Amino acid sequence: MKCLFVILALHLYFCHVSAVLFRLNSTEYVRMPPLYHLDPYEPCVYKPNGLYCTVEIDLVSDGSTDEGNELMEMIREYSARTETHFNHTRLHRGICVTDICQKYLAQNTTEDLKIVLEGCLNSSFWEKYKLKTRINEDLVCKNKNQSFELEPADIGVAVIVICLVILNISGIIYDYFNFKKKDHEVNKLLRCFSIRHNWLKLVAPVANRNETRFKRLKSFNGLRAITIFLVITEHAILPFMVALDNTLFLEDMYHNILYHLYLDGTIVVQTFFIISGCLLAYYLQIWSEKKDLNWKMIPKGIIKRWLRLSPSYAVVLAISSTWLRLFGSGPLWDQIVNSEVQDCRRDGWLHLIYINNYIDNSICMIHSWYLAADMQLYIFGLVLLILVQTEYARKVALAVIFVIALIIPALHTYVQNLNAYFLPYPESIRSFFVADPTFNHTYKRGHTNLASYILGLVLGLLIHKMQKEKFNIKKYRKFKFLYWAIFPVGIGVILCSGLFYMDGASPPLLLKAVYSGLVKPVYGVLVSLLILGMVFKMENIYRGILEWQGWTSSARVSYSAYIIHMLLIRSIIGSTTTLFHMTFPYLMLIQVGTGILCYLVAFPFWILIEAPIAQLVNLMMPMKDIEKVKSN
């Protein structure tokens, strides 16, 4: 890997790209029209006959002045650096039409509001910048008389939610009068919805395991809780991408290596694939000690997995398809929220069969690509380990598949001319990655994440074998300094993606393909080594942090936090009526605050919805065989 980056650095030094502006000083930067502008929303909407419109506009030059041509050329050349710059030729405006464009409303004899706005905007932009504008999308306009009608889908979702509330109330009442009874004496259905019962399960110090071997997996709680929190804080940066008044600050972040821990930290999601594969293989091996693995376990395991993940997921998906549009309003509400509602109504069924990560051009719960990929890889791993059971055959099969898994993303990158890794460009974040080819083809697909899942399967098989053989790690503890290097090396792997942002260079396609094939498994190997060391007590620093008892409850609600966090983030962004001003302390406040908020909401969601439904699934299909793996 070192040689790879030396070659990259040398190539970047000698390769230069023309017709692109990589930097602008602040004096030149402010010559460009602001990327975002929002007129005051409430004072406009609530006044008599007030009309507020949001619109996307393209800048154009009519070629009539040298000044206009020069500025337009600068904007185009600066926007051509898509890796680190927004597209400054496309602007977002929130306009109080009745205030700003009143003269044009009076002059226009037609009822075409688009003509009014284009005339108004052209006059303003010509006066300030000697540029013209063109509206490129339909207008979205609001006034105080706007109302929403309930639809059958809204009523249906409301009925489901009311039924869940009634069941929880019934569970509370039943538990109040019967909490002293023994487990075999109570109504197990109503006990599922007991808040007291579920709270005790949530705060229980350890999982109910009969074997001490399971206790060695305690570090997974810390890994899961911390990684979910990092993913949420990563997504919390979205408000700054769609409503920012100091865009230069954000664009300059791409030139600061420390900020790349935020920008390129998307690779941490590979941790979930490692954990998921490891637990599947480990529990299958535990099961095989008592009973034979057979093909009948495949459909049963898939059904249990689906029943474990889908009910809570379906509740959030149903709300995102219906009531979410009524949660608020604002100049960004249609762009951020209503667009997702429409996509969820169209594509929601694809989410429930877990193939949504193979569907592009949809922003419906876009973060749920991971759930689909994990389900697909779970099915693949389950089939593989049940059909291939001898140790030698498994070694051969896993080795061959791992090599293929290395080649797959590299081929995608080379053939489709993609980025070396999913790099969150400003403009792609602004559009929620819906049109980002690298995100669509090498990041969110199940088969392009296969390498990490194979590493997880190997790790689970290895842990079981080493435990069975009474592996003693004492003689290896002299290498604990190398073990401690895992975390800083992992940070280095994350930061390496920043090399592909370097100004004035374009890495060769072959190099990007090689990097694309290696970066996920390299990170996966580091995570696997970290887990292996904690399971066998290599040292007490990483293990002490990740095995802290305080992670247990947070890990149990991590799935709830994951599936609901984008709903909360979108609602917050959509409700804002002013632009954000980004500073480092404010960024930290938003990210940490969003993470804490999502977990605070996840706790009652787990107690009232996820835990009761999971227990109902256990009643219907007792969880005493392979599917003991909790959702990630």
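The values are calculated or read from the model by the stated rules, or taken from the named source; none is laboratory data. All values derive from a computational prediction rather than experimental measurement. Every residue, glycine as well, gets a Cβ built from its backbone with ideal geometry; the counts of neighbours run over all protein chains shown.
For the reader, a short list of remarks on this structure follows.
- Hits in the stretch 292-321 - residues which are of a type in the set (Lys, Arg) and touching a residue at least 40 places away in the same chain (Cβ under 8 Å): LYS300, LYS304, ARG305, ARG308
- Test: residue in the stretch 498-508 that is surrounded by fewer than 17 Cβ atoms within 10 Å (Cβ to Cβ), closer than 30 Å to ARG81 by Cα, among the acidic types (Asp, Glu) and in contact (Cβ under 8 Å) with a residue 60 or more places away in the chain: yes
- Sole exception among (1) in a helix (DSSP H, G or I); (2) crowded, with 23+ Cβ neighbours inside 10 Å for LYS478, by number: (2)
- Close Cβ contacts (under 6 Å, 6 or more residues apart or on different chains) running from residues in the stretch 205-221 that are over 17 Å from ILE545 (Cβ atoms) and modelled with pLDDT under 85 to residues that are buried (at least 16 other Cβ atoms within 10 Å of the Cβ) and not hydroxyl-bearing (Ser, Thr, Tyr) comprise ARG213/GLN467.
- Residue, surrounded by the most Cβ atoms within 10 Å (Cβ to Cβ), within the stretch 71-101, restricted to residues that are closer than 15 Å to TYR501 by Cβ and of a type in the set (S, T, N, Q): THR84
- Figure legend. Inter-residue proximity from the stretch 172-191: first residues modelled with pLDDT of 80 or more, second residues assigned to a helix (DSSP H, G or I) and among the aliphatic types (A, V, I, L, M), beta-carbon distance below 7 Å, spacing 6+ or different chains. Indicated pairs: ILE172/ILE195; TYR174/LEU190.
Each row is one residue, and each column tells you yes or no for (1) over 30 Å from SER339 (Cβ atoms); (2) of a type in the set (Ser, Thr, Tyr); (3) in a loop (DSSP other than H, G, I, E, B).
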residue	(1), (2), (3)
SER124	no, yes, no
VAL157	no, no, no
VAL165	no, no, no
ASN168	yes, no, no
GLY171	yes, no, no
PHE177	yes, no, no
ASN198	yes, no, no
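- With respect to the conditions (1) at pLDDT below 90; (2) buried (at least 17 other Cβ atoms within 10 Å of the Cβ), ASN294 lacks only one, and its number is (2).
A quick yes/no check of all residues on (1) of a type in the set (Ser, Thr, Tyr); (2) within 28 Å of GLU251 (Cα to Cα); (3) not assigned by TED's automatic domain parsing to the domain that holds GLY490:
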{"position": "GLY544", "(1), (2), (3)": "no, no, no"}
{"position": "SER553", "(1), (2), (3)": "yes, no, no"}
{"position": "THR576", "(1), (2), (3)": "yes, yes, no"}
{"position": "PRO585", "(1), (2), (3)": "no, yes, no"}
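- Residue check for ILE336: farther than 26 Å from LEU326 by Cα, touching a helix residue (DSSP H, G or I) at 6+ places or on another chain (Cβ under 9 Å) and in a helix (DSSP H, G or I): no
- The stretch 339-389: number of residues that are among the charged types (D, E, K, R) and at pLDDT 95 or above: 1
- Screening the candidates LEU455, LEU450, LEU459, LEU418 for the property of being crowded, with 23+ Cβ neighbours inside 10 Å and either small (Gly, Ala, Ser) or within 30 Å of ALA80 (Cβ to Cβ) (or both) yields one hit, LEU418.
- Scanning the stretch 547-560 for residues that are of a type outside the set (Val, Ile, Thr) and under 18 Å from LEU307 (Cα atoms) turns up ARG556, SER558, TYR559, SER560.
- Test: residue in the stretch 382-395 that is assigned to a helix (DSSP H, G or I) and under 30 Å from PHE327 (Cα atoms): no
- Checking HIS565, HIS464 one by one, the residue that is farther than 22 Å from PHE402 by Cβ, part of a helix (DSSP H, G or I) and in the same structural domain as ALA405 (by TED's automatic domain parsing) is HIS565 and no other.
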